[in-house]
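Peer 1: I have a structure I would like to understand better, so I am pasting it below and will then ask my questions one at a time.
The values are calculated or read from the model by the stated rules, or taken from the named source; none is laboratory data. Computed from a prediction, not measured in an experiment: that's the story for all the values here. Backbone-built Cβ (ideal geometry, glycine too); neighbour counts: all protein chains shown. For accessibility, only protein heavy atoms count, side chains too; no ligands or nucleic acids. Shrake-Rupley method; radii C 1.70, N 1.55, O 1.52, S 1.80 Å.
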Amino acid sequence: MRSIRAARRTGRALWALRAAAASATCAVTAVGLAVLPAAAAPAKPAAGQVAEPGQACTAADLGQRHPIIKSVEVSPTITHFTGWHVTEGTTGTQTVTTSTETTISVSVGLNGNVHGSFAVEALGMVGASAGLNVKVDYTSTSTESQSITWNFREPGYYGLYKGTKKVTGTYGSLNCNRVQLSDGSWALKWIEGPESGSYTTYTTLEEGAVRCQDTVPANSIMAKAQGLLDCASAAARAKHPAGAVAPTARQLQDRRAQRPAPTSGTATDRPKATGRSAQAAALNCSAAAYKIAVPGQPLSWGGPLLANDGVRLRPSSIFSAHLDNWRLCNVTEHNGVIEASLWNWGSGGCATIAAQDAATERAVLMTVSCTEDDLQRFYIYRDVPGSDRIGVQNKYTGSMMGHDRYADGEFIRQYSSGRQDGTGTYSLIGV
């Protein structure tokens, strides 16, 4: 019995040592994140980043995409504010209505709803890079006046506020692609793809009251609110009756400078999607035709017969009427990544994501009349020479092409991070 108790004590001791080591690791991580400067600067790889540039990848990763945070800027922002004068006899708890100063909406690239896995992963990396607890789903600060209940203990000129830390910056995408090594051989590595964009998020809202004579931390939300009081102005030093004070000149200036809150994010250097109204484009297509097939399986991309249908997995046969044949058109190549339009031999249309569905996760790949439109342009990531494996990414949306399940009639869809089970990797087979 003694030996069993001793073993239990030993086990508890080992568990305690492991817990202490884990705590120490967390503490070191927290310190490392805390010292990251809150200014616009290239961000180091975030904690938990799935891939980093130059790391090896496999053919199953060709249809995947991961974010890389390129810059992070943190700025204290006042969302609601009002000036309030408290005189002798009016101290105590009061409820004050504030005016809206700034509205912040969470967005990543085109996706203002932040329901795609790429957007959630990117915002999680932003929080880790900045050492902040940021919003990782779609939300926005209130666009309406807000009430603040505050206990005023002394007379004075107060600024009552609600505020947050607005976090903005740029991101890139990591894609798996073939890279030629110094000895002439080839390898698959994660590279920084052509696609990039911008993001906006914010931290938890805080509220409070501040006076001109209060000492506050520099570059804080409270300091930002104190600045709205225009403490150096004659109006701030003048006597006021108890109650609300008219907006200061700085408040009015800031409000005029505010732009309407976007309903979705705007990508940096995002190519323009012109939509279906553009004139049909004259394409310079390769003579070769290809099947875009599921590796080792008979089903491949089949163009739709009906205008309102989408591209589906279909078997190839003498009855396919070339709907399973695609040509690469207006092909360019940059840093080993092909860009091309995908022209369907059977229908004469080009593959595209419908403009109204550009920001929608799992939107179906369609075919329409070929135009000068970046919704119809695709990046193609390739396996090493000798292999026909590829990954396909829409230029405008940044999303990878894939399918939910292997089945006849299954739609080809866009996925913001691609298919993590490898089903977004296809074979480009000459016919």
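Peer 1: Using only the heavy atoms of the protein chains and a 1.4 Å probe, how would ILE68, ILE380 rank by accessible area, largest first?
Peer 2: Sorted descending by solvent-accessible area, the residues read ILE68, ILE380.
Peer 1: By accessible area of protein heavy atoms, probe 1.4 Å, what ranking do GLU101, GLU192, GLU121, GLU372 get, highest first?
Peer 2: Solvent-accessible surface, decreasing: GLU372, GLU192, GLU121, GLU101.
Peer 1: Can you list the chymotrypsin sites (Phe, Trp or Tyr not before Pro) in segment 292-399 that are in a DSSP coil and have 12 or fewer other beta carbons within 10 angstrom?
Peer 2: PHE319
Peer 1: Once you list every other residue whose beta carbon is under 12 Å from the beta carbon of VAL106, what net charge do they have if Lys and Arg are +1 and Asp and Glu are -1?
Peer 2: +1
Peer 1: Something else now. Determine the alpha carbon to alpha carbon distance for each of LYS291/LYS395; LYS135/LYS395; LYS166/LYS239; LYS165/LYS189 and list only those over 29 Å.
Peer 2: From the list (LYS291/LYS395; LYS135/LYS395; LYS166/LYS239; LYS165/LYS189), the Cα-Cα distance tops 29 Å for LYS166/LYS239; LYS165/LYS189.
Peer 1: Say R0 is 51 Å: what FRET efficiency, to the nearest 0.05, do SER75 and ILE318 get from their beta-carbon distance?
Peer 2: Once rounded, the FRET efficiency stands at 0.20.
Peer 1: Shape of segment 298-375 from its Cα gyration tensor (a ≥ b ≥ c, root eigenvalues): rounded if a/c is under 1.5, otherwise prolate when a/b > b/c, or oblate?
Peer 2: Oblate, since a/c reaches 1.5 and b/c is not below a/b.
Peer 1: Here's another thing I want to ask about it. Specify whether the C-alpha gyration tensor of segment 103-145 places it in the rounded, prolate or oblate class, a ≥ b ≥ c being the square roots of the eigenvalues: rounded for a/c under 1.5, otherwise prolate if a/b is larger than b/c and oblate if not.
Peer 2: Oblate, since a/c reaches 1.5 and b/c is not below a/b.
Peer 1: For segment 71-141, what's the relative contact order in percent, using C-alpha pairs closer than 8 Å and at least 6 residues apart?
Peer 2: For segment 71-141, the relative contact order is 32 percent.
Peer 1: From the protein chains alone at 1.4 Å, what is the descending order of accessible area for GLU410, GLU88, largest first?
Peer 2: Sorted by accessible area, descending: GLU88, GLU410.
Peer 1: Using amide H atoms built in the peptide plane, which far-off residues or other-chain residues are under 5 Å from TRP186 H to H?
Peer 2: LEU181
Peer 1: Another question, if that's okay. Rounded to the nearest 0.05, what FRET efficiency do ALA242 and ASN133 give with R0 = 51 Å and r taken as the Cβ-Cβ distance? Could you check?
Peer 2: E(calc), rounded to 0.05, equals 0.85.
Peer 1: Determine the shape class of segment 351-411: with a ≥ b ≥ c the square roots of the Cα gyration tensor eigenvalues, call it rounded for a/c under 1.5, and otherwise prolate if a/b is greater than b/c, oblate otherwise.
Peer 2: Since a/c reaches 1.5 but b/c is at least a/b, the shape of segment 351-411 is classed as oblate.
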